[in-house]
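In what follows, a structure is listed as structure tokens, so that the remarks can point back to it.
The values are calculated or read from the model by the stated rules, or taken from the named source; none is laboratory data. Just so you know, these numbers come straight off a predicted model, no measurement behind them. All Cβ positions, glycine included, derive from the backbone under ideal geometry; neighbour counts span all protein chains shown. Note: areas computed on protein heavy atoms with side chains; ligands, DNA, RNA excluded. Shrake-Rupley method; radii C 1.70, N 1.55, O 1.52, S 1.80 Å.
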Amino acid sequence: MADLDIMENDSKQYIVVKIGNEQYGIDISYIDTIVRMQKITRVPKAQRHFKGVINLRGEIVPVMSIRLKMKLEDDEFTNTSRIIILKLEEKGMLGVIVDEVKEVVTLSSNEVEKSSGKGSFINGVGKHGEELISLFDINAIVEEKENA
Amino acid sequence: MDVSQYLEIFIDETNEHVQTLSDCIMVLEKEPDNKDTINEVFRAAHSLKGMAGTMGFKRMQRLTHDMENVFQEVRSDKIKVNSAMIDLLFKCLDAIDGYLNNVKASSDEGTEDNEHIIKELNDFIAAANGTVQTEEKPVTPVEEKTENASGDADYLQIELNDSEKDAVKAAEEAGQKVYGITVNIQKDCLLKAARAFLVFKAVEEFGNIIVYRPSSQDIEDEKFDLTFSFYLVTEEEDFDKISHAAGTVSEIESVVGSLVSYADIAGAEKKEEVPVETVSKTEEITKTIQTAPAAPAQAATPAAKKQAAAKPVTGRTVRVDIEKLDALMNQVSELIIAKNSLVSISSSEAGAFQNQTFNEQIEYLERITTNLHESVMKVRMVPIESTVNKFPRMIRDLARKLNKKMELYMTGEETELDRTVVDQIGDPLQHLLRNSADHGLESNEVRIQRGKPEVGSIFLNAYQEGNNVIIKVGDDGNGIDVEAVKNKAIERGTITPEQAESMSQKEIINLLFLPSFSMAKQISDISGRGVGLDVVKSNIEQLGGDVEVQTVLGEGTTFTVRLPLTLAIIQALMVEIRDEKYAIALGSISNIESIPVNEIKYVEAKEVIHLRGNVIPIIRLDKILDIDDGQKDPENLTVVIVKKGDSLAGLVVDNLMGQQEIVIKSLGKYIDNNKIISGATILGDGEVALILDVNTLI
């Protein structure tokens, strides 16, 4: 990371998380906080990918399983599981469950390869050393359409 | 003079006065001879004029001045109230509203002169008076008046009633002097009442004031223009001393006066007839003087003192930004959550905390937080009056437009609701009323044919029921033709004929709440575009309420709007279903029963229980909430009987946890759950419990 200390104007910071075997990056400007796994209260009749709600310092925050949203296997909560609390201007706070939080990286625009595709939750792939990081399109995740 | 700081007060007060005028004019339309109302109208118009003048809104002042002239004529019985006049007055009110909106938007009254209205007003006076009073015709009268004011000696025109004359006579007989004095205040004076008070104080050094024009009450309330007059009884020979004392009060333009004698007054009396209203206006003073004719000032002085004390009255109410109240409410919510967690610690952790003082203190804390919450809620509560009092006028206009005779009856305007709810309930209610007027009521001919009273009735009744406020809006018109709705729905493809067969009447009527479903054969500008009931419904649901329809074909329709009294904190019963905790609002719970399983009966393959003469459907919460794990029923079921209006339902729960004050939190915008869950709350131990919306279950 040391080589990235001098930031370029168009570089962004990402939090790198693990879901399954893949590494994903979440734009740090969307992130309010990261909390450990806690009791999630199930909400009946909610969309399937919503695990329920949690009490975050006195506020009710809905929690989404990004795995279910991406049609992956259901989450298995472990010691490394975390809930990343995203804060969105319009709709308020939303928690997403990830298997593990790894690090914070800074990617400049020339390290990011844009990609787009219908029904995809990824809007780019970042290269960080030897590793590839899929960058989440936060708006696509929040978007309430079920992607078939 | 910079008056911008008064702008807000001006807007509020103008609103109030316009509303008063509107109400009074409605009354006048029905009772053209109601003197009290005429006086009230006059006062409101007068205050409006004064306020507009103070703020420098010349156009508005001119319009209100001419309105006032009309009222003046009515008051002195020179004009009879008729419907053309009422129409004209409403036009004036709309024009004033227009000015007011301009003022709100730009702090300026705008440039609309409303010449035609002013002309109509003047024509009206002229037509009614013939040409007798042409010299009184005010074109730009306000300016004239203020200009003239400086030299006026109005005291010469004072007409006295008998007791006042007696007082003058008595003073003369006692060898005292009576001076008639008129004081003119400077045009830009903002605190006229206070100046008048200072003048009175100054002259009362010399003697007693026996007559006030206008009355002392009106002077106190600043209900006078720039001049006021009074009679002073004194031993003082030199009038200059008195006029000098009065003249030293700042912002006084001039003080005019002279000695008056009883003979003058009695003589002047014959020249002019005493108008009726002068007497009524001074009645108050008459009474006080009658009781103590020789020393009338005893009554007058306390009145003047009261005026000094009256000033801080404005300070007893405080305007608070609703956001500040919200912040306060949030703090109280947090406090209650913290309190709940203390309560749960004290009840769960036996041992260390189990001592009596601790428990007592906890109970004390509970009481305080509950009271605090109630106080904060009350601060946010306002009567629905402010929203519904514009409806009579609206119905009147609709009656004209639709050419149907109708009458609006309202009750319960004093019912209080949370401020945010009151602000937003106006549109839905207005819509329902328009619906009643347009679709509900038949035309007058049809009504007569059907043997109904020719004049249709529309009603709006509001009252509190438990934790809800109910507002019923309805009419005695045609009712909803269920068959017609059904056919329309089939025609539009909303439902299939097969579906229609199996639908209950209620379900069919509920189709009316679907988006873009309009029954109107003709689109009018009043209703019929199909953006109606669905918007009403969604507006009301946004406020946490719901709306229902009852209708009898040929007899009328009633819409029942149910709104929660409070939005943030409620008393709730906590229940357990398997290992999940849910809250049910206490306000919707009727009672709790333990029912043996074998008492469950079946009606149309649905489970019901028979309880004290009621057949109550059973709702298995575990099934509804998708936690049915096939667990066998125990011998006795715990059933929470909930009510919504007249309908009851029994909710089967596993376990009761007790009553608790809960803070309602929204689930946010992400989760869509068919509205069964109306929100969530945080329990004492930090756990989240969901709040069941009983209204959607029944």
Task: Residues located in segment B:669-693, provided they are surrounded by fewer than 18 Cβ atoms within 10 Å (Cβ to Cβ) and in contact with a strand residue (DSSP E or B) (Cβ under 6 Å, 6 or more places away or on another chain) - done: B:686
TODO: For residues that are in a strand (DSSP E or B), within 35 Å of the chain's Cα centre (by Cα) and within 11 Å of another protein chain (Cβ to nearest Cβ), scanning just segment B:656-698, find the one that is farthest from residue A:94 (Cα to Cα).
DONE: B:692
TODO: Could you tell me which numbered condition residue B:553 fails, if it satisfies all but one of (1) assigned by TED's automatic domain parsing to the domain that holds residue B:456; (2) modelled with pLDDT of 90 or more; (3) more than 33 Å from the chain's Cα centre (by Cα)?
DONE: (2)
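Among the residues of segment B:601-625, which ones are touching a residue at least 24 places away in the same chain (Cβ under 8 Å) and not in a strand (DSSP E or B)? Working first, answer last.
Within segment B:601-625, the first condition is being touching a residue at least 24 places away in the same chain (Cβ under 8 Å), and the residues that meet it are B:609, B:611, B:614, B:616-622, B:624-625.
Residues satisfying the conditions are B:621, B:622, B:624, B:625.
Would you point out which residue out of B:66, B:77 is surrounded by fewer than 17 Cβ atoms within 10 Å (Cβ to Cβ), in contact with a helix residue (DSSP H, G or I) (Cβ under 9 Å, 6 or more places away or on another chain) and in contact (Cβ under 8 Å) with a residue 60 or more places away in the chain?
Details: B:66 fails: surrounded by fewer than 17 Cβ atoms within 10 Å (Cβ to Cβ).
Being surrounded by fewer than 17 Cβ atoms within 10 Å (Cβ to Cβ), in contact with a helix residue (DSSP H, G or I) (Cβ under 9 Å, 6 or more places away or on another chain) and in contact (Cβ under 8 Å) with a residue 60 or more places away in the chain holds for just one of B:66, B:77, which is B:77.
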- [ ] Give, as residue ranges, the strands (runs of 3 or more DSSP E) completely inside segment A:26-132 that count at least 2 residues that are within 14 Å of another protein chain (Cβ to nearest Cβ), open to solvent by 70 Å² or more (accessible area, probe 1.4 Å) and modelled with pLDDT of 90 or more.
- [x] none
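For segment B:631-638, state whether one or more residues are touching a Leu at 6+ places or on another chain (Cβ under 7 Å) and assigned to a strand (DSSP E or B). Spell out how you get there, then give the answer.
In the first step, residues of segment B:631-638 are kept if they are touching a Leu at 6+ places or on another chain (Cβ under 7 Å); the result is B:638.
Next cut, assigned to a strand (DSSP E or B) only: B:638.
The answer is yes, given that some residue of segment B:631-638 is touching a Leu at 6+ places or on another chain (Cβ under 7 Å) and assigned to a strand (DSSP E or B).
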Task: Subset of segment B:645-655 that is touching a residue at least 40 places away in the same chain (Cβ under 8 Å) and open to solvent by 40 Å² or more (accessible area, probe 1.4 Å) - its residue that is nearest to the other protein chains (Cβ to nearest Cβ) - done: B:654
- [ ] Considering only segment A:85-129, state which residues are touching a helix residue (DSSP H, G or I) at 6+ places or on another chain (Cβ under 9 Å) and β-branched (Val, Ile, Thr).
- [x] A:96, A:97, A:98, A:104, A:105, A:106, A:122
TODO: Those residues that are surrounded by 13 or more Cβ atoms within 10 Å (Cβ to Cβ) and within 14 Å of chain A (Cβ to nearest Cβ), I need them from segment B:619-644; list them, please.
DONE: B:619, B:620, B:621, B:622, B:624, B:625, B:627, B:628
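Can you work out which of the residues in segment B:319-344 that are of a type in the set (Val, Ile, Thr) and part of a helix (DSSP H, G or I) is most open to solvent (accessible area, probe 1.4 Å)?
The first filter runs over segment B:319-344 and keeps only residues of a type in the set (Val, Ile, Thr), leaving B:320, B:322, B:332, B:336-337, B:343.
When the remaining residues are screened for being part of a helix (DSSP H, G or I), the result is B:322, B:332, B:336-337, B:343.
Details: B:322: 57, B:332: 6, B:336: 0, B:337: 31, B:343: 39 Å².
Ranking the qualifying residues of segment B:319-344, first place goes to B:322.
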- [ ] Please list, ordered by first then second residue, the pairs with beta carbon atoms under 8 Å, 6 or more apart or interchain, first in segment A:42-55 and aromatic (Phe, Trp, Tyr), second in a loop (DSSP other than H, G, I, E, B) and modelled with pLDDT under 90.
- [x] A:50/B:670; A:50/B:671
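Take residue B:464 and tell me if it is open to solvent by 10 Å² or more (accessible area, probe 1.4 Å), in a strand (DSSP E or B), touching a residue at least 60 places away in the same chain (Cβ under 8 Å) and not assigned by TED's automatic domain parsing to the domain that holds residue B:94. Give the steps one after another, and end with the answer.
On the way: open to solvent by 10 Å² or more (accessible area, probe 1.4 Å): yes; in a strand (DSSP E or B): yes; touching a residue at least 60 places away in the same chain (Cβ under 8 Å): yes; not assigned by TED's automatic domain parsing to the domain that holds residue B:94: yes.
Yes, satisfied.
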TODO: Please indicate, with yes or no, whether at least one residue in segment B:40-51 is over 29 Å from residue B:189 (Cβ atoms), under 22 Å from the mean Cα position of the chain (by Cα) and among the β-branched types (Val, Ile, Thr).
DONE: no
TODO: Check residue B:570 against each of (1) farther than 25 Å from residue B:681 by Cα; (2) open to solvent by less than 40 Å² (accessible area, probe 1.4 Å); (3) part of a strand (DSSP E or B) and name the one condition it does not meet.
DONE: (1)
